Structure formats: structure tokens, C-alpha cells
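Take a look at the structure below.
The values are calculated or read from the model by the stated rules, or taken from the named source; none is laboratory data. Model, not experiment: these values are computed from the prediction. Positions of Cβ are generated from backbone atoms using ideal geometry, with glycine treated the same way; all protein chains shown enter the neighbour counts. Only protein heavy atoms, including side chains, enter the accessible area calculation; ligands, DNA and RNA are left aside. Shrake-Rupley method; radii C 1.70, N 1.55, O 1.52, S 1.80 Å.
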Amino acid sequence: MINRNETIDYIKGFAIISVISAHCNSVLDTTNRFAGMSLLILQNIGTLGVICFFVISGMLFHHSGKNVGIFWKKKIRNIIIPWFISATCVYLYVYLRKPPITLKSYLNFVLGNGSYCYYLTVLMLLYALFTFFPFMRKNLVLVVCEGITVVSTVCFYDIGGVNPYLNIFNWIGYFCLGVHISKNQEIWIRLKQRIVSHISLWVILSSGIYIYVLIHQLYHQKGGGYWNGINVVFCWIGSIVIALIAIRIEKGKDNILKRMIFQAGVDSFGIYIWHMPIAGIIARIMSIRPMNGLVLIRPIIVLLIMQTVFRATKKIMFKMKLDKYIGYLGFRI
């Protein structure tokens, strides 16, 4: 079993910034070329975070096949209840302004058919597969699933008319990679030690490759995506860059940026399930002409607002002696 470590929280910190980037990049003034280019940059960056989260979820999956009931009790309390509470609130925020409200639209929204919640739906399906079918945790099956995701994301991501975001074949390989890392932690620890000894070089090399592919995307006016050829390779490279930069920052000196990234990782689940209204509001406000060239700083603004709201909410709930309910909002104490 692999112990949770701070590296994971630093990676999650960058990953949640990526997710926010995907949701606050709208531009109203399309004649502003810099704003349009910034939009494309955020769209490309926005495709990296979910992959990181699936790999990390696999790394933190430590179910031995026993006590399935206890495992799911924890998931219901720590993930499913906060997910449904937040998704319901966000759904009402969206559809009270743009009715009608229907059971079908509500279920589609909460389950991620056209909304950001797809990650949680797929994650629960993966948990179900890996808890109820022990053979899924075999090394050979993990390799096969990793291969399935490679083929699916490159060629067959929309097969059968299923929403590709809810197509489990497009994601299972990333989760399996995380499980593989967890099961073979000694190999990965040795690999990490070698990387750390030359971390600056690895960061420069990987970032250079990523920037080269990003320039290719921008030149062809592509906003990026999880599927289809070069987009898939771009996501893989970017996710590796996130991991390497996270390791580099973790090993570096303490500063405000380091603390902010770490705290973002700690609060990443809560930020994920609650950030959409704030991201939308900030995108709308900053689309006003005097600020429409500041697209690239929107994710940081949203992150700072979310962290401030979290700290204030926790303090209020502690003062009101409601701290036992904090977990139901997706906040970590």
C-alpha cells in the first residue's frame, strides 16, 4: 500500500487549476486577438487536470477485497453526498436562470451528461468495478485496460453514440495506471528518486516538449481536448509536466506560491464540486472590455476566491459548532 504523501497534494493543486482553466475561459470580444489566444491556451491547459485526478484516484485506491461495505460507506459520506449536495445547488443556480427545471435535466446535470460532474460518475463506476470484481486488480488486466484507453481515446472515443466524457473506456486506463503505481511502489519510488536527482533538467525537457506542442495547437487554432490523435499526446505530455513541476516545487524553498498550490491540492475535491458558479461569474465580469485581455489570470482569481470562501466557511461552521457537517460540503478539515 502506498502512503499518501505531499507530492500528491502538489499535483492535485496544479490539476485543479487546470480544471478551473477549462471553465473560465469564455471570451465575448472575439476581435481581441490576445484574448482569443489566451482562451485557446486555457482550453489546452484545461485538459490536463482530470487525467491527473484519475491517476491519483487509482494510486489512492487501496481496497484489498474485504470490507466492501465499509469502503462504500466512506465513499458515500466523503464523495457521493457532497457531490449530490453541490451538484444540486449548482444545477438550481444554472436552471433557475435558464429554465425549465425537469427531472431529466437534473439527472443529466448531476451525473455529468453535459456537465462537469462526469468525473465523479465515472470514478464511482471504476470503484464499483474494482471492488466487486477482484480480477480487475490483476496486473495483466491493468495493462489491458491501459491499452484500451490508449486505443479508445485516439480512435474510438465516441463509439456507440455514448457521451465520450461518460465513456468509461476513455478513462479506465488512467485509473489503472494509478493502481499499477500503487501496487509497484518500490519501482516508482526508485524512478522518482532518479528523477528528483535531475529534476530541473527533466522539468526543462518536458516543459520544452509541451510548449512546442502547445504552439502547434495555437497555430492551428485548436482548443485542445481529451481525444483524437495529437490532443491525446498533448494531454499525456502536459500531465507529466504537471507531475514534474509539482515534485520540483515540493523540493524547493517555502514561499507563498508553494503554500497556495499545496492548499489547493488539499482542498481540490471541494474546489472541484463548488467552483463552477464562481468560474462563470469571474469569466463574465472579466469579459468586460477593460479586462478582456486578462483571461490568463482568471483561474488564479477563481482559486483565491474559493480558498478564501473555504476558510471563512470553515471558521463560521466551527464557531456555530457545526464542524461535524463540514465533510458533507466536501471540505477537508
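For the reader, a short list of remarks on this structure follows.
- Shape of region 191-333, Cα gyration tensor, a/c cut at 1.5: oblate
- Relative contact order (%) - criterion: Cα under 8 Å, at least six apart; region: region 118-173: 45 percent
- Region 46-104-region 173-220 distance, computed between alpha-carbon centres (Å): 27 Å
- Listed residue pairs exceeding 21 Å between alpha carbons, taken from Lys138/Lys192; Lys66/Lys138; Lys12/Lys73; Lys12/Lys138; Lys75/Lys324: Lys138/Lys192; Lys12/Lys73; Lys12/Lys138
- Normalised by the number of residues in region 215-320, the average gap of Cα pairs under 8 Å and 6 or more apart makes the relative contact order 17 percent.
- Relative contact order %, the chain, counting alpha carbon pairs below 8 Å whose residues are six or more apart: 34 percent
- Using the rule -39500 (n - 2.57) for each DSSP H run of four or more residues, divided by the residues of the chain, the 222 nm mean residue ellipticity is -22000 deg cm²/dmol.
- The shape of the chain comes out rounded: with a ≥ b ≥ c from the C-alpha gyration tensor, a/c is under 1.5.
- Among Gly224, Ile256, Cys235 - extreme Cα towards positive end, dipole of the chain, charges at beta-carbon: Ile256
- Helix runs (DSSP H) in the chain reaching 30 Å along axis by Cα, Kyte-Doolittle at least 1.6: 230-251
- Considering only Arg284, Arg298, Arg97, the Gaussian network model of the chain with Cα springs below 10 Å gives its largest mean-square fluctuation to Arg97.
- On region 10-84, 64 percent of the accessible area sits on carbon and sulfur atoms, based on a 1.4 Å probe.
- What the pair-distance distribution of region 74-159 shows, using all Cα-Cα distances binned every 10 Å from zero, is 15, 35, 29, 18, 4 percent.
- Accessible area per residue in Å² at 1.4 Å probe, computed on region 105-175: 44 Å²
- Rolling a 1.4 Å probe over the protein heavy atoms of region 174-333, with every protein chain left in place, gives an accessible area that is 69 percent carbon and sulfur.
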